[in-house]
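Have a look at the structure below before the remarks.
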Amino acid sequence: MKIRTARPDRGQHSRPRMHCLNKLEAIVVEMQDPKSGVRGVEQKLNITIIPHVISGKDIIAWIANKMKTPPEEALAFGTMLVSYGYIYPLHNHKKLVMCNDTSLYRFQTPYFWPTQKWVAEDVDYAIYLAKRNIRKKGVLEPYEQAHYNHLHEWLNYKWDFIVMQATEQYKAGKERKKPDRVVFDCQERAYWIVNRPPRRTHSAMDCGPDRLIDPNADEKITFDQYRRMNMFYQQAIMRSKVKSSVSLGVLVKYITTYKNHDPFLAPCLPSNPWQTDTDTYWTLNMRRVDIPTKMRVERWSFGLFELLTDLRGRDDFKIFLKKEFSGENLAFWEAAEELKWGTASSISTKAESIFKTFLAPGAPRWINIDGRTMGLTVKGLEHPHRYVLEAAQTHVFMLMKKSPVYKDIQKKALNPAPHNFSAAQLEQNAQNQNPGIHPIILWKQEEEEKVKAAAASAPVDIKAVMSKIDRRNRDIQ
Amino acid sequence: MCDQTFMAATFGPCDSCGKTGPLMNIYIKNEPVNYCSFCVEVMAYRGLQKGETLETLRQESDTLKKKLEEERGKLNDVELHQVAEKIEVVGALSIKTRRVLKGHGNKVLCMDWCKDKRRLVSSSQDGKVIVWDGFTLNKENGVSLPCTWVMACAYAPSGCAVALGDGLDNKCSVIPLSLDKNENLATKKKSVAMHTNYVSGCTFTSSDMQILTSSGDGSCALWDVESGQLLQSFHGHTADVLSLDLSPSETGNTFVSGGCDKKSCVWDMRSGQNIQTFENHESDINCVKYYPSGDAFASASDDATCRLYDLRADREVAIYQKDSIIFGASSVDFSLSGRLLFAGYNDYSINVWDVLKVTRVSILFGHENRISRVCVSPDGTALCSASWDHTLRIWA
């Protein structure tokens, strides 16, 4: 006996919404229209004559004409019609694709069309396989045999019912005329290939894990959900909004600013590594190059955030600020970032050290922020949490934004010439691809450097230095 | 500054119970108050008062919704294509497949780029997760998980770890990577997130120490990697949440999520409050992605459209659709400048849209089954697409 657990039933009860089915059905109905649809002929299969057979070429031409699309798109659409099961191929029935040639197809009967209302149940599949087994033992393919064995075990309690149904359907089928029977068999087989695809067949009904929401059920909203929605709407109404012309203008401005930096729109110099198989572009843009490229420096000028996210830009900015003796702002910003994104257990220790270094009156790297923000921050530090430095960090960011961005680096930037590889050179590049440095190695290097830098900038302990000098003098004497 | 949330008070004493904690900014009788999430829940579940019925609440909800639409409409003075009239047209693009990554034995469900612009991680239905060097086609690490349907994977910003969302275990785990190709990484797997249903999306924040996950149980959550502690949970969707994306802006405190209830919601990470919601799609939203500046985001849905939403104007500004496209879009991503929108569809193709002119620029064919994910590399040089035909393709 199977005991159903509380886990969602993976037996395909609630499926992704197949929103496309209505439109697909409308198109398929149009295609079958005797006057304006796809032309069908009769085809001889072994000794029977199958009516209304259509060729791939005709289907694609009709689709391209109807939807005004290029042939490749029409081909893709045709393949989708086959993989959903609206059209099935006569030969090569396991490959659910549309071919733009004289391959033959037929329309599937509406009884077997995919629908969202009910799913192709295992019981029906078991009946189908049992029926084929009755007709001729050993006619099942290996994957079907595997399914059959599995279902025999899984649905054992219903097996008598299944065999009875299969026998009834087999007898009913025998009473039909031969051409009808052949057609029906083809249709049924096509239906099950779409709904229980063999291993290398791509069927559109193969949907992936089911979503929990039932697309056929109406949404029932409870009173607490309404209350929450009302609270949300109230705050959304009061929320300040911006005129479309302003906000869309900003979007357009962003695109225009970054237009030349987008590798899909403008060629990247010296060359796109994926196109020419040389990674010069990446090595020139690493963190520790001697001279950064012109495009990189230009990008830094777009905004302070661009400068800070590019670690090389941050390093250069740090050196610049050191010269101006105003490095504490950047150091505070970095420390606040580390607090925000660091581990939960380190919050209190980090908050304490930040307070001692940057915020306490008389601190060694005291930052100059307005009294109100300072008051709020110090108060928040009594119960430190992840976002306690948010206000101060934003203020410091604004201050840094206003500081003049140095222009002399622009002169020293590198402007690499574009690569121009011949076909033979491209082939050689493909053979000698550079493996690059693994990010784990880079990360370890950077961590080591950080530790060294922290040790070097730690406040000097005068007493220790003095006692060291005393000891050395004593040794010399 | 694109983000309005940075000035809102999100931590402090609750106006109702006095406890210090993350706060939500709501309005009671048109007065702004700051409540902690527990007090908000208490308010929502309070029994029906005198004169209140389900029907009155529903009517109030409808009037408020209409009022919100009115407010949004008041500032709607121009459309996107009008603003974009003077912009020159995108030239013909010649995007070709540059690499085909073969190695998965089943449908590839998700992929993510590393910050070094060439490595990527991909996960598939047979439980295998592979870390590739996309440039040399070298498989650097491989992990075999006991479960199938690894629906989400993400690369850590440092490049030293990957996060994986289990479809059946309902967990999200972090695996540290190693330089040794033969090391069995599955033993080092560390469970971080626990949901009550499948994990549909996961991403690291700016550091390796926190991950954000979305789940089929309708919630999203922020977790601390080291301790596995739940830092913040986000409730508001009424159906499975299928996708999420973190804001790339300088005040990166928000993220957007999209789900089967046809809604896409913008959340404040600090307090867990739902700040904005957009209900324009006609079917499940499969993927959401922020515009590179953080001022807008795009969503892809089963109704065969992709839509662009402007966060500051608080409305939908563009619909990317065509009569000949009727199969659902499963994934979207922007190019570096934000001019191009790459969308992968269930009809095995990738359409490239011009974001400003709202026209289709190009179609990329090549895959033999539906596209599960498209992702532009961090420096914008290439696009990677993962598909159910067991392969990944890199286009440039």
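Criterion applied to B:LEU75, B:LEU80 was being within 30 Å of B:LEU364 (Cα to Cα), in contact (Cβ under 8 Å) with a residue 60 or more places away in the chain, at the interface with chain A (Cβ under 10 Å from one of its Cβ atoms) and of a type in the set (A, V, I, L, M), and the one residue passing it is B:LEU80. From the list B:LYS171, B:LYS128, the lone residue that is under 24 Å from B:ASN346 (Cβ atoms), more than 10 Å from chain A (Cβ to nearest Cβ) and among the basic types (Lys, Arg) is B:LYS128.
Condition first: under 22 Å from B:MET151 (Cβ atoms), touching a Lys or Arg at 6+ places or on another chain (Cβ under 6 Å) and more than 9 Å from every other protein chain (Cβ to nearest Cβ). Now tell me which residues in region B:353-396 satisfy that. So that I can check it myself, show each step before the final result.
Of region B:353-396, the ones under 22 Å from B:MET151 (Cβ atoms) are B:367-377, B:383-394.
Now narrow it down to the ones that are touching a Lys or Arg at 6+ places or on another chain (Cβ under 6 Å): B:377, B:385-386, B:388, B:391, B:394.
Matches in region B:353-396: B:SER385, B:ALA386, B:THR391.
Taking region B:99-112 as the range and being surrounded by fewer than 21 Cβ atoms within 10 Å (Cβ to Cβ) and touching a residue at least 40 places away in the same chain (Cβ under 8 Å) as the test, the residues that pass are B:ARG99, B:VAL100, B:LYS102, B:GLY105, B:ASN106. Cβ-Cβ distances below 8 Å connect the following pairs, each with a first residue in region A:220-246 that is more than 7 Å from chain B (Cβ to nearest Cβ), a second residue that is of a type in the set (Lys, Arg), and a separation of six or more residues or different chains: A:ILE221/B:ARG58; A:VAL246/B:ARG312. Please count how many residues of region A:155-176 are loosely packed, with under 13 Cβ neighbours inside 10 Å and of a type in the set (Phe, Trp, Tyr). Counting residues in region A:155-176 that are loosely packed, with under 13 Cβ neighbours inside 10 Å and of a type in the set (Phe, Trp, Tyr) gives 1. Restricted to strands (runs of 3 or more DSSP E) entirely inside region B:240-317, those with at least 2 residues that are out of contact with any Asp or Glu (no Cβ under 9 Å at 6 or more places or on another chain) and within 12 Å of another protein chain (Cβ to nearest Cβ) are B:264-268. List, please: which pairs have Cβ atoms under 8 Å, are six or more places apart or on different chains, and start with a residue in region A:418-432 that is of a type outside the set (Asp, Glu) and end with one that is surrounded by fewer than 14 Cβ atoms within 10 Å (Cβ to Cβ)? So the pair list comes out as A:PRO418/A:PRO267.
Sort out which residues of region A:41-69 are farther than 22 Å from A:LEU96 by Cβ and not basic (Lys, Arg), and write them in order of number.
Here is the first cut: in region A:41-69, the ones farther than 22 Å from A:LEU96 by Cβ are A:41-42, A:44, A:46-49, A:51, A:65, A:68.
Within region A:41-69, A:VAL41, A:GLU42, A:ASN46, A:ILE47, A:THR48, A:ILE49, A:PRO51, A:ASN65 meet the criteria.
Residue pairs whose Cβ atoms lie under 6 Å apart, separated by 6 or more positions or on different chains, with the first residue in region A:69-81 and touching a residue at least 40 places away in the same chain (Cβ under 8 Å) and closer than 15 Å to A:LEU24 by Cβ and the second surrounded by 21 or more Cβ atoms within 10 Å (Cβ to Cβ) and not hydroxyl-bearing (Ser, Thr, Tyr), are A:MET80/B:ASP347; A:LEU81/A:ILE87.
Regarding A:THR276, is this residue over 25 Å from the mean Cα position of the chain (by Cα), more than 7 Å from chain B (Cβ to nearest Cβ) and more than 30 Å from A:GLU427 (Cβ to Cβ)?
Details: over 25 Å from the mean Cα position of the chain (by Cα): yes; more than 7 Å from chain B (Cβ to nearest Cβ): yes; more than 30 Å from A:GLU427 (Cβ to Cβ): no.
No: the conditions fail for A:THR276.
Within region A:48-69, no residue satisfies the criterion of being under 19 Å from A:HIS93 (Cβ atoms) and assigned to a loop (DSSP other than H, G, I, E, B).
If the condition is being buried (at least 21 other Cβ atoms within 10 Å of the Cβ), closer than 19 Å to A:ASP210 by Cα and facing another protein chain (nearest Cβ under 10 Å), then region B:178-214 contributes B:TYR198, B:SER200.
Regarding B:ASP347, is this residue within 10 Å of chain A (Cβ to nearest Cβ), part of a loop (DSSP other than H, G, I, E, B) and more than 19 Å from B:ASP302 (Cα to Cα)?
Working: within 10 Å of chain A (Cβ to nearest Cβ): yes; part of a loop (DSSP other than H, G, I, E, B): yes; more than 19 Å from B:ASP302 (Cα to Cα): no.
Taking the combined requirement at face value, the residue does not satisfy it.
Apart from one condition, B:GLU226 fits all of (1) within 12 Å of chain A (Cβ to nearest Cβ); (2) touching a Cys at 6+ places or on another chain (Cβ under 7 Å); the exception is (2).
Among all positions in region A:184-205, there is at least one residue which is at the interface with chain B (Cβ under 8 Å from one of its Cβ atoms) and either under 26 Å from B:VAL266 (Cβ atoms) or modelled with pLDDT under 90 (or both).
Which residue, of A:LEU96, A:LEU75, is at pLDDT below 90, of a type outside the set (Asp, Glu) and within 25 Å of A:TRP192 (Cα to Cα)? When all the criteria are applied, what remains is A:LEU96.
Given the options A:PRO110, A:PRO179, name the one that is out of contact with any helix residue (DSSP H, G or I) (no Cβ under 6 Å at 6 or more places or on another chain), surrounded by 12 or more Cβ atoms within 10 Å (Cβ to Cβ), closer than 27 Å to A:LYS44 by Cβ and modelled with pLDDT under 85. Walk me through how you get there before you give the answer.
Values: A:PRO110 fails: modelled with pLDDT under 85.
Unique residue meeting the criteria: A:PRO179.
Collect the residues in region A:309-338 that are among the aliphatic types (A, V, I, L, M) and under 19 Å from A:TYR387 (Cβ atoms), keeping them in residue-number order. Hits for region A:309-338 are A:ALA335, A:ALA336. Residues in region A:1-36 that are of a type outside the set (S, T, N, Q), out of contact with any helix residue (DSSP H, G or I) (no Cβ under 8 Å at 6 or more places or on another chain) and buried (at least 18 other Cβ atoms within 10 Å of the Cβ) were compared, and the one that is modelled with the lowest pLDDT is A:PRO16.
Suppose we filter region B:215-250 for residues that are surrounded by fewer than 22 Cβ atoms within 10 Å (Cβ to Cβ) and closer than 23 Å to A:SER346 by Cβ; how many remain? Residues flagged as surrounded by fewer than 22 Cβ atoms within 10 Å (Cβ to Cβ) and closer than 23 Å to A:SER346 by Cβ within region B:215-250 amount to 10.
Per the conditions (1) without any contact (Cβ under 8 Å) to a residue 60 or more places away in the chain; (2) of a type in the set (Phe, Trp, Tyr); (3) in contact with a helix residue (DSSP H, G or I) (Cβ under 9 Å, 6 or more places away or on another chain), the sole criterion not satisfied by A:TYR143 is (3).
Within region B:36-77, the only residue that satisfies the criterion of being at pLDDT 85 or above, of a type in the set (Ser, Thr, Tyr) and in contact with a helix residue (DSSP H, G or I) (Cβ under 8 Å, 6 or more places away or on another chain) is B:SER61. Quick check on region A:405-423. Is at least one of its residues in a helix (DSSP H, G or I) and either in contact with a Gly (Cβ under 9 Å, 6 or more places away or on another chain) or at pLDDT 85 or above (or both)? For region A:405-423, residues in a helix (DSSP H, G or I) and either in contact with a Gly (Cβ under 9 Å, 6 or more places away or on another chain) or at pLDDT 85 or above (or both): absent. A Cβ distance below 8 Å, combined with a sequence gap of six or more or placement on separate chains, defines the contacts here; from region A:328-345, residues that are within 12 Å of another protein chain (Cβ to nearest Cβ) reach residues that are aromatic (Phe, Trp, Tyr) in the pairs A:TRP333/A:PHE397; A:LYS340/A:TYR387.
Sort out which residues of region A:354-384 are within 25 Å of B:GLN232 (Cα to Cα), of a type outside the set (A, V, I, L, M) and either over 40 Å from the mean Cα position of the chain (by Cα) or surrounded by fewer than 19 Cβ atoms within 10 Å (Cβ to Cβ) (or both), and write them in order of number.
So in region A:354-384, the residues within 25 Å of B:GLN232 (Cα to Cα) come out as A:354, A:376-384.
If we keep only those that are of a type outside the set (A, V, I, L, M) too, we end up with A:377, A:379-380, A:382-384.
Those that are within 25 Å of B:GLN232 (Cα to Cα), of a type outside the set (A, V, I, L, M) and either over 40 Å from the mean Cα position of the chain (by Cα) or surrounded by fewer than 19 Cβ atoms within 10 Å (Cβ to Cβ) (or both): A:LYS379, A:GLU382, A:HIS383, A:PRO384.
Within region A:346-377, how many residues turn out to be within 12 Å of another protein chain (Cβ to nearest Cβ), more than 11 Å from A:ALA392 (Cα to Cα) and either among the polar types (S, T, N, Q) or out of contact with any helix residue (DSSP H, G or I) (no Cβ under 9 Å at 6 or more places or on another chain) (or both)? Residues in region A:346-377 being within 12 Å of another protein chain (Cβ to nearest Cβ), more than 11 Å from A:ALA392 (Cα to Cα) and either among the polar types (S, T, N, Q) or out of contact with any helix residue (DSSP H, G or I) (no Cβ under 9 Å at 6 or more places or on another chain) (or both): 1 in total.
The values are calculated or read from the model by the stated rules, or taken from the named source; none is laboratory data. Please read all numbers here as calculations on a predicted model, not as lab measurements. Glycine also receives a Cβ, built like all others from the backbone with ideal geometry; neighbour counts cover every protein chain displayed.
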